[in-house]
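Student: Here's a structure for you.
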């Protein structure tokens, strides 16, 4: 069962960073009928709520790497 949960959370993380789908749609896409259960499970496995994960990853991807010559 843990392997299935791991795969669901990994797929959800990809959807969070690669799409603009709403959280309830992502929850459904990875097999959770209840978005609250999905959110709690995601936080248990990653340490972040799905919305926090999306915000952190999106912000870090937009920042230029240090030493890139910008600034």
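Nothing in this text is a laboratory measurement; each read-out follows from the coordinates by a stated rule. Just so you know, these numbers come straight off a predicted model, no measurement behind them.
Student: In whole percent, what relative contact order does the stretch 2-55 give with Cα contacts below 8 Å and a gap of six or more residues? If you can, show how the numbers build up before the last one.
Tutor: Working: 41 pairs, mean separation 18.2, N = 54.
The normalised contact order for the stretch 2-55 reaches 34 percent.
Student: For q = 0.13, 0.14, 0.16, 0.20 Å⁻¹, what log10 I(q)/I(0) does the stretch 2-55 give under the Debye formula with an equal point scatterer on each alpha carbon and no solvent?
Tutor: Each listed q corresponds, in turn, to -0.23, -0.27, -0.36, -0.57.
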